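The values are calculated or read from the model by the stated rules, or taken from the named source; none is laboratory data. Quick caveat, the model's predicted, so the values are computed rather than measured. Backbone-built Cβ (ideal geometry, glycine too); neighbour counts: all protein chains shown. Accessible surface areas use protein heavy atoms only, side chains included; no ligands, DNA or RNA. Shrake-Rupley method; radii C 1.70, N 1.55, O 1.52, S 1.80 Å.
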Amino acid sequence: MKPDTPAHPMPADGAARKAVRPVICYPVEGLPAPDLAPFHAARAGWEKVNEVLVPAREARCFNVPAGHFFRITSVNGPQVGDLNLWNAHDLNERFFSGKTRALHGTHLSAGDRMWSSLPHLRSLATITEDTLDWYQFDAFGGGVHDVIGTRCDPYTHNLLSHGGQYHHCCHSNLTRALADRTGLPLQVAELHVHDVLNVFMCTGFTRDTGQYFMKASPVRPGDFIEFFADIDLLGALSACPGGDCSAEHSSDQAACHPLLVEVFRPMTPPVGWAPSPANGYDRSHGR
Ligand SMILES: [Zn+2]
């Protein structure tokens with residue numbers, strides 16, 4: 001955190017330096033938001049091909065073929081979820097939270113894409129509907145569906161609790177789910193777990209200290225976020241032990257609820273859609 005009392009005095013032109021207006025890091029015109037109308041039209045007559053109920057304080061994996069939709073829906077009560085996505089054929093290509101944040105901002109909604117890790121960097125999935133888009137940003141600067149947090153994990157808990165051992169953090173839940181799905185040893189599967197999309201979680205940075213905060217999620221049963229798979233995906237979703245994340249996580253104290261994942265196959269692909277191509281960089285790195 002920034003010190004209350006800086007050790008170094010402001011230089012004479014310090015105020016002028018601070019007054020320089022920011023510019024957006026990435027020119028967003030190069031990444032136009034997709035037209036969602038063909039995606040919405042493609043839902044007509046779609047068929048549900050799979051459904052997974054993720055139990056509270058657990059995670060489950062699910063496959064979504066390219067050209068299919070998947071929805072994550074709140075059931076029973078307010079609950080946040082931690083989502084991992086991989087290329088179904090190569091676990092080394094996985095969701096890249098940091099670059100997605102740099103391209104789309106701190107919190108995602110309909111029209112944003114979930115980008116994959118280097119050296120791939122292509123769209124894994126496009127968000128096609130978000131029933132919580134009305135929330136926008138609240139007076140605290142909080143928003144829903146962030147890519148600024150990581151995932152609750154037992155290592156941070158161990159540090160902060162001076163030795164605590166808690167086994168149902170999202171990191172561990174995702175690790176067990178991936179190991180169960182792939183047959184990988186637990187500690188190999190763990191290395192594939194990555195920073196998440198915090199589905200339904202309401203978070204931000206405090207305006208005065210810049211600290212990561214969470215508050216009770218505005219999600220209610222029936223709310224959903226819907227995605228369209230741009231390549232064949234393996235997903236994993238953890239129903240966070242924080243419940244609605246109004247108080248604490250990394251414990252069994254919060255009221256927790258399951259989350260529903262449904263996969264839908266459209267009758268025909270959205271007009272104009274094609275699977276994500278490989279990134280065009282030649283990987284020569286100047287040599
Ligand atoms: Zn969690």
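Please report the spacing between the Cα centers of the stretch 187-238 and the stretch 150-176 in Å, no decimals. Each part's Cα centre sits 16 Å from the other's.
If the Kirkwood radius is taken over C-alpha pairs of the stretch 23-71, then at 10 °C and 1.306 mPa s the Stokes-Einstein diffusion coefficient equals 109 µm²/s. In order along the stretch 67-80, the Karplus-derived 3J(HN,Hα) couplings, from 6.51 cos²θ - 1.76 cosθ + 1.60 at θ = phi - 60°, round to x, 10, 9, 9, 10, 10, 10, 6, 10, 6, x, x, 7, 9 Hz, and Gly and Pro are given as x. Taking 12 Å as the straight-line reach from the Cα of Lys48, the aspartates and glutamates in range (excluding those fewer than 8 positions away in the same chain) are Glu262. For Gly242, the residues 5 or more places off, or on other chains, whose built amide H falls under 5 Å of its own are Ser250.
About its Cα centre, what dipole magnitude does the chain give when the only charges are +1 on Lys and Arg Cβ and -1 on Asp and Glu Cβ, stated in debye to the nearest 20? Here the size comes out at about 500 debye. Gain on full extension, evaluated as 0.36 nm per residue between Glu51 and Met267 minus their Cα-Cα distance, stands at 76.0 nm.
Counting only heavy atoms of protein chains, what accessible area per residue, in Å², does the chain have with a probe of 1.4 Å? Can you show the working numbers first?
Values: 14710 Å² over 287 residues.
Dividing the accessible area of the chain by its residue count gives 51 Å².
Taking only the alpha carbons of the chain, we obtain Rg and Dmax values of 19.9, 67 Å in that order. For the stretch 194-287, the list of GluC sites (Glu not before Pro) that fall in a loop by DSSP and count at most 15 other C-beta atoms within 10 angstrom reads Glu248. The slack in the chain from Ala19 to Gln165, taken as 0.36 nm per residue of separation less the alpha-carbon distance, amounts to 47.9 nm. Note on Lys18: aspartates and glutamates with a C-alpha under 18 Å away, same-chain residues under 8 apart excluded, are Asp4, Asp208. Given the stretch 94-188, report the % of alpha carbon pairs whose separation exceeds 22 Å. Tail of P(r) above 22 Å: 48 percent of Cα pairs. Counting only Cα atoms, the stretch 143-287 measures 49, 44, 40 Å along its principal axes, largest extent leading.
As an exercise, use a Förster radius of 30 Å and the Cβ-Cβ distance of Arg287 and Ala41 to find the FRET efficiency, rounded to the nearest 0.05.
On the way: r = 47 Å, r/R0 = 1.55.
According to the calculation, E is roughly 0.05.
Restriction of the chymotrypsin sites (Phe, Trp or Tyr not before Pro) in the stretch 90-196 to DSSP coil positions whose beta-carbon has at most 16 other beta-carbons within 10 angstrom yields Phe137, Phe140.
Report the convex hull volume per residue for the stretch 1-135, counting only C-alpha atoms, in Å³. Write down the numbers at each step before the final one.
Values: hull volume 29.9 nm³, N = 135.
Cα-based convex hull of the stretch 1-135, divided per residue, equals 222 Å³.
Would you mind telling me the share, in percent, of accessible area of the chain contributed by carbon and sulfur at probe 1.4 angstrom? Write down the numbers at each step before the final one.
Details: 8280 of 14710 Å².
Answer for the chain: carbon and sulfur cover 56 percent of the accessible area.
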